[in-house]
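The values are calculated or read from the model by the stated rules, or taken from the named source; none is laboratory data. No experiment lies behind these values; they were computed from the predicted model shown. Don't worry about glycine lacking a Cβ; one is built from the backbone with ideal geometry, like all the others, and counts go over all protein chains shown. Heavy atoms of the whole protein, side chains included, go into the accessibility calculation; ligands, DNA and RNA do not. Shrake-Rupley method; radii C 1.70, N 1.55, O 1.52, S 1.80 Å.
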Amino acid sequence: MRELEVLAPAGNLEIFKSVINAGADAVYFGGQLFSARAFADNFDFKESREALEYAHLHGKKAYLTLNTLVKNKEFNDELFDYINFYYENGLDGIIVQDMGVVSFIRDNFPMLNVHASTQMAVCSREGVNLMEKLGLTRVVPARELSLFEIKCIHDNTNLELEVFVHGALCYCYSGDCLMSSLIGGRSGNRGRCAQPCRLEYDLYSEGKPVKTKGGYILSLKDLCGIDDLYNLYMSGVSSLKIEGRMKQKQYASNVVNVYRRYVDYLLNNISQGIDEYTVKEKDKRFLFDLGNRCGFTNSYYYYNTDDMVTFTRPNHQSKDVESEYAEEKLKVQGIFNARVGEEIELTVSYNDNVVTMRGIVCENASKKPVTSVDIEKRLKRTGDTVFEFEDVTINVDDNIFVPLGEVNRLRKEALEELKDKLLSEYRRYEIESVADSKDNCEIFNNYDEKAGKEQATQIETIEPLIISITNRSQLDAIDGINSLPPYDLVISVIDYELFKDIDNIRRHSNAKRIYADLPIVIRENKRDVLLGNLDILRKYDGFIVSGYDGIGFIRENNLEGTIIAGDHLYTYNNNALRFLDKNDIEYNISPIELNHKELKHRNNKNSILTIYGRSIMMITSNCINKNCIKCDKTEKNMILRDKKGHSFLVRNKCKMCYNIIYNDLPTCLVGEADMVERLGFRSLKIDFTDEDVAGVEIVIRQYMDAYIGNKSFSIDYKYTKGHFNRGVE
């Protein structure tokens, strides 16, 4: 019978121990570096060692979250030493988002289990199979997947699947959200999300306001899967993940205990050939009282409906619930021998582990002798250790003298040695770094550090401009511009009619090469859209992939052509670039969260910089059109407007069934030509979304003036430079 792990969160050491006591099989926690909950207490090395020991002594597992993106200059000895500490102390697994970090761990710590974080947004069998080929042992797929999709993945892959079962839900696919980053400079990919999805917005469709059930249309209710454990198990789930590293002890331990009891109940029934599974109403109410955000939902397991959305202010509601879970001590056996003229001796044992300690020579008592009762009382004072004596055998002569302090010492040292013996199977030997990280701190490009005091060498030739379009009128506008140098054209697969028109576009366009931009999210239940169009995909010169499912899809379907890694694959560091190279991914689009000072430390020779376009802020499974208007299978442009007056373009892409939310202003680096040309990029990219013909012509001519002309131009529209100057912490 397959086990079903109850995986608990812990924001500090006290909570870590509490959830173990409450019944968790494993605990995930963050250390001082690279954790996606930067504002949690997190664990220093001393606390981490104590946590690992506590888990292992109780036969439980502990996983470290290293699930943020890592900048180049952070790939240094500190990163190696940080991971090496946990490796040596027996860490059971490490949860990772950054593929550069995955490669770093595989090179340096090949025996350490690596789990693909939900921030990797893996949604399909191709994505999971790719993770297996890269040496990962577990995948935490996107929270948005249904039980049907999870089962399809389980039936067609080999890796363990860890699925969220309780706690807060993000509106965006985890890892694909840049909303907090672009609005306020606090990046979720660096553990600092400001949760703009919990704010109030107005909705407009076709220029008219839409009346909604409430303004909090990006705010989801909390997940509760207690009713769904049987279906989760039958879908092939290996681990049930409870969200909440920012939650208090009472919440975490009590939620864990409820799930512990029902997982045991479920597995016991299944082992007896019974498929009955029901949850008592009082236990559901108990979970509700522990904390909820405008109620609970389990809709992602089955379907997406508007009852997932809070619509009203998403305050976290809870009642005070007091409950403590006592530590389950390890029951040890003890034998104490004291014979006159011989060394006193204490033997303690736990299962097959035996430790014997010897002390001073036993003497006859000159006054009051020590009794077996006196000795037993001292031995049983195990205090705050994980042990307690279940049975003690006392073998002593009559009329003996044994200093009771010596008995205390033997007990303390014997239990400490027994503890070390139990932990020895988890500890690993020290290793030396085999990965060379010194190039991560070099200045790679023609960047002029003094910016003006010395003339920097500019790149003499840049490969053809890459232009991404979303409709035919934009293409016509581009081809109507005289003296435009050869360019590469990108057509989005989710702009379905344009995508299918590849033959006609190739005949009439001036494009040098034409690429298909695969969907960022390729769900298990939507892969047939792509599978049914393989003949069309084979007509393209290459592909832009912004998700691991896309890479897996290309590989498993033997699609040929140039592969460009999109900016949502987040190649923050040169280790990630080396991963691309090893996997025959020729080029990449630079992630937008790096500023120019950080880009100078990045090897950009095979990289593309987007110099114009509305940045994608969110990719969402929840459909705003469906939730707030109706599901009419009609793609349209909508506008979300926040209380500061910013207007965010929303597009519902019905073929692949997701929404795209764009930044309110386009990012424009036309005025940064001198700086851009010193960063050593292979080529530049322009993305068009809702621009009309005039808008397209303006941007293209500005590019031509700034990068290949006389450097004289003006920008008369509102824009942002994004993170090019500011970056993220």
(request) Set Lys and Arg Cβ to +1 and Asp and Glu Cβ to -1, take the dipole of the range 641-720 about its Cα centre, and tell me which of Met656, Ser683, Val699 lies farthest positive. (result) Met656
(message) Taking just the alpha-carbon atoms of the range 51-119, what radius of gyration and Dmax come out, in angstrom?
(response) 12.1, 38
(message) Accessible area of the chain with a 1.4 Å probe: how many percent of it is carbon plus sulfur?
(response) 45 percent
(message) When only alpha-carbon atoms are used, what values of Rg and Dmax, in angstrom, describe the range 1-86?
(response) 13.6, 46
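Report relative contact order for the range 230-349 in percent, whole number only (criteria: Cα-Cα under 8 Å, sequence separation at least 6).
20 percent
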(request) Alpha carbons only, please: Rg and Dmax for the chain, in angstrom. (result) 30.1, 113
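List the GluC sites (Glu not before Pro) within the range 106-213 that fall in a DSSP loop (any state other than H, G, I, E or B) and whose Cβ has at most 13 other Cβ atoms within 10 Å.
Values: sites: Glu126, Glu132, Glu144, Glu149, Glu160, Glu162, Glu200, Glu206; in loops: Glu144, Glu200, Glu206.
Sites meeting the loop and neighbour criteria: Glu206.
How large is the convex hull of the C-alpha atoms of the range 1-51 per residue, in Å³? Numbers along the way, then the final one.
Working: hull volume 4.4 nm³, N = 51.
In the range 1-51, the Cα hull volume divided by residue count equals 87 Å³.
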(message) Within 10 Å of each candidate Cβ there may be at most 12 other Cβ atoms; applying that plus a DSSP loop requirement, which trypsin sites (Lys or Arg not before Pro) in the range 292-370 survive?
(response) Lys319, Lys367
(request) Mind jotting down the distance between the C-alpha centroids of the range 538-560 and the range 671-689, whole Å? (result) 25 Å
(message) Largest first, please: the extent of the C-alpha atoms of the range 594-677 along each principal axis, to the nearest Å.
(response) 47, 31, 17
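Please pull out the direction-averaged projected area of the range 78-160, using the convex hull of its alpha-carbon atoms, in nm² to one decimal place. Walk me through the numbers on the way to the answer.
Values: hull surface 21.4 nm².
The directionally averaged projection comes out at 5.3 nm².
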(request) Taking the Cα atoms of the range 205-268, report the difference between the largest and smallest coordinate on each principal axis, in whole Å and largest first. (result) 57, 31, 17
(message) Straight-line reach from Lys653: which lysines fall under 24 Å, measuring Cα to Cα and dropping same-chain residues less than 8 apart?
(response) Lys208, Lys211, Lys213, Lys221, Lys500, Lys526, Lys539, Lys626, Lys630, Lys633, Lys636, Lys685
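Relative to the compact-globule scaling 2.2 N^0.38 Å, provide the ratio for the alpha-carbon radius of gyration of the range 152-298.
Working: Rg = 18.5 Å, N = 147, 2.2 N^0.38 = 14.7 Å.
In units of the globular-protein estimate, the range 152-298 measures up at 1.26.
Just how large is the dipole of the chain about the Cα centre, in debye to the nearest 20, putting +1 at every Lys and Arg Cβ and -1 at every Asp and Glu Cβ?
Working: 93 positive and 110 negative charges, 371 e Å.
In total the dipole reaches around 1780 debye.
Volume per residue, Å³, of the convex hull around the alpha-carbon atoms of the range 240-298? Show your work: numbers first, answer last.
On the way: hull volume 5.7 nm³, N = 59.
Given the Cα convex hull of the range 240-298, per-residue volume reads 96 Å³.
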(message) How big is the range 653-729 along each principal axis, measuring the range of its Cα positions in Å and listing the largest first?
(response) 44, 37, 25
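Which length gain, in nm to one decimal place, applies between Tyr230 and Thr371 when the Cα-Cα distance is subtracted from 0.36 nm times their residue separation? If you can, show how the numbers build up before the last one.
On the way: separation 141, 0.36 × 141 = 50.76 nm, distance 5.66 nm.
Roughly 45.1 nm would be gained on extension.
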(request) Could you please state, rounded to a whole Å, how far the C-alpha centre of the range 3-68 is from the C-alpha centre of the range 146-223? (result) 25 Å
(message) With the alpha-carbon atoms as the only input, what is the per residue convex hull volume for the range 212-364 in Å³?
(response) 197 Å³
(request) Any chance you could run the full-extension gain for Asp44 through Asp642? It's 0.36 nm times the residue separation minus the Cα-Cα distance, nm to one decimal. (result) 211.4 nm
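Compute the normalised compactness of the range 115-208: alpha-carbon radius of gyration over 2.2 N^0.38 Å, N being the residue count. Could the numbers behind the result be given before it?
Details: Rg = 16.0 Å, N = 94, 2.2 N^0.38 = 12.4 Å.
Rounded to two decimals, the normalised Rg is 1.30.
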(message) Students often forget the sequence filter, so: which lysines lie under 18 Å Cα-Cα from Lys60 once same-chain residues fewer than 8 apart are removed?
(response) Lys17, Lys241, Lys329, Lys331, Lys419, Lys421
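Enter the accessible area per residue of the chain (Å², integer; probe 1.4 Å; all protein chains in place).
Values: 30090 Å² over 729 residues.
In whole numbers, the chain has 41 Å² accessible per residue.
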(request) Note down the net charge around Glu276, summing +1 for each Lys or Arg and -1 for each Asp or Glu among other residues with Cβ under 15 Å from its Cβ. (result) -3
(message) Given the options Ser647, Tyr302, Phe29, identify the residue whose Cα lies farthest towards the positive end of the charge dipole of the chain (+1 on Cβ of Lys, Arg; -1 on Cβ of Asp, Glu).
(response) Ser647
(request) Straight distance only, please: which lysines reach the Cα of Lys280 with their own Cα at less than 20 Å, same-chain residues fewer than 8 apart left out? (result) Lys319
